[in-house]
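Read the structure below first, then the notes.
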Amino acid sequence: MNTILEARKLSMNFGGLRALDRVDIDVLPGQITALIGPNGAGKTTFFNCITGIYSPTEGDIFITPPGGRQKRITGLNIHRVTESGVARTFQNVRIFPDMTVLENVMIGRHCRTNTGVLGAILRDKGTMEEEKAIVARSYEILKKIGLTEHVNLLARNLPYGAQRRLEIARALATDPFLLLLDEPAAGMSPQETKDLEALIISIRDEWEISVFLIEHDMRLVMGLSDSVYVMDYGEMIARGTPQEIRQNPEVITAYLGEDVSA
């Protein structure tokens with residue numbers, strides 16, 4: 001099976017600190033892939049390199065959209081990576097608090113619009129029709145995510161779990177083929193985590209979007225993932241199915257602990 005994301009010998013230095021050390025990762029289409037490891041292992045740094053926040057010191061990153069050709073995205077800026085079909089959320093929720101729920105999702109459509117500055121000023125027919133399409137598509141996404149009852153609410157007034165879902169909705173509005181989620185369950189209640197799990201499965205199965213997530217909730221990871229990578233001190237120390245990772249002695253020592261099967 002062809003990969004949709006490949007990282008080859010990816011390294012990232014911050015002065016004398018080597019945050020990533022020749023990391024290799026393959027993400028397959030139609031799967032939920034997890035990246036786990038202790039705090040400070042380099043997981044978010046890896047996501048930042050993929051999405052253009054950091055330009056890696058060494059190595060390469062390639063994406064292959066379904067039905068498309070392989071493309072090198074190493075060093076591309078954030079907007080170019082998003083336009084290429086890779087979207088993400090962040091460890092700390094990054095919504096626009098003083099905009100409505102609908103407006104937050106509409107912003108995510110920006111990379112898929114054709115209206116330029118002149119069109120926005122003149123408000124011609126084409127611009128008006130495109131704006132209507134943006135509103136319709138944004139509302140459709142909110143409906144699938146389960147946030148339509150809050151559509152006109154200011155984002156800052158949403159419950160925490162709903163803010164997390166809104167950030168995912170905004171990422172989905174960019175029409176990605178690959179969605180990166182950085183600790184999506186952080187701070188969630190057990191019920192919110194259960195709802196999140198169902199949402200991630202639906203993103204893969206119904207939206208046909210592959211998911212790559214960083215997560216510390218091992219019950220979520222092991223119950224959700226098709227494939228798991230384990231990072232420690234900037235190095236990839238293991239990869240495999242959830243069952244293989246549970247039984248890997250090096251992983252247990254480095255991160256999971258003896259009660260991983262609980």
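The values are calculated or read from the model by the stated rules, or taken from the named source; none is laboratory data. No experiment lies behind these values; they were computed from the predicted model shown. Using ideal geometry, Cβ is built from the backbone for each residue, glycine included, and neighbour counts are taken over all protein chains shown.
Criterion first (of a type outside the set (Val, Ile, Thr) and not assigned by TED's automatic domain parsing to the domain that holds Val228) does Gln70 satisfy it?
Considered against the rule, which asks whether it is of a type outside the set (Val, Ile, Thr) and not assigned by TED's automatic domain parsing to the domain that holds Val228, Gln70 comes out as no.
Checking Tyr139 against (1) farther than 27 Å from Ile4 by Cβ; (2) aromatic (Phe, Trp, Tyr); (3) in a loop (DSSP other than H, G, I, E, B): exactly one of these is not met. Which one?
(3)
Would you be able to tell me the number of residues in the range 73-90 that are in contact with a strand residue (DSSP E or B) (Cβ under 7 Å, 6 or more places away or on another chain) and more than 19 Å from Ile203 (Cβ to Cβ)? Spell out how you get there, then give the answer.
Taking the range 73-90 first, the residues in contact with a strand residue (DSSP E or B) (Cβ under 7 Å, 6 or more places away or on another chain) are 73-74, 84-90.
Still in the list and also more than 19 Å from Ile203 (Cβ to Cβ): 73-74.
Total meeting the criteria: 2.
Would you mind telling me which numbered condition in (1) in contact with a helix residue (DSSP H, G or I) (Cβ under 9 Å, 6 or more places away or on another chain); (2) outside any helix (DSSP H, G or I) Ile203 fails?
(2)
Which one of these is farther than 20 Å from Ala87 by Cα, in a helix (DSSP H, G or I) and under 19 Å from the mean Cα position of the chain (by Cα): Glu192, Glu250?
Glu192
Looking at Thr44, Thr74, Thr82, Thr33, which is the one that is out of contact with any Gly (no Cβ under 6 Å at 6 or more places or on another chain), hydroxyl-bearing (Ser, Thr, Tyr) and in a loop (DSSP other than H, G, I, E, B)? If you could, list the steps in order and put the result at the bottom.
Numbers: Thr44 fails: in a loop (DSSP other than H, G, I, E, B); Thr82 fails: in a loop (DSSP other than H, G, I, E, B); Thr33 fails: in a loop (DSSP other than H, G, I, E, B).
That would be Thr74, the only listed residue that is out of contact with any Gly (no Cβ under 6 Å at 6 or more places or on another chain), hydroxyl-bearing (Ser, Thr, Tyr) and in a loop (DSSP other than H, G, I, E, B).
Just to be sure, is Leu166 in contact with a Leu (Cβ under 7 Å, 6 or more places away or on another chain), assigned by TED's automatic domain parsing to the domain that holds Ile4 and modelled with pLDDT of 95 or more? Outline the logic, then answer.
Numbers: in contact with a Leu (Cβ under 7 Å, 6 or more places away or on another chain): yes; assigned by TED's automatic domain parsing to the domain that holds Ile4: no; modelled with pLDDT of 95 or more: yes.
Here the answer is no, as Leu166 does not meet what is asked.
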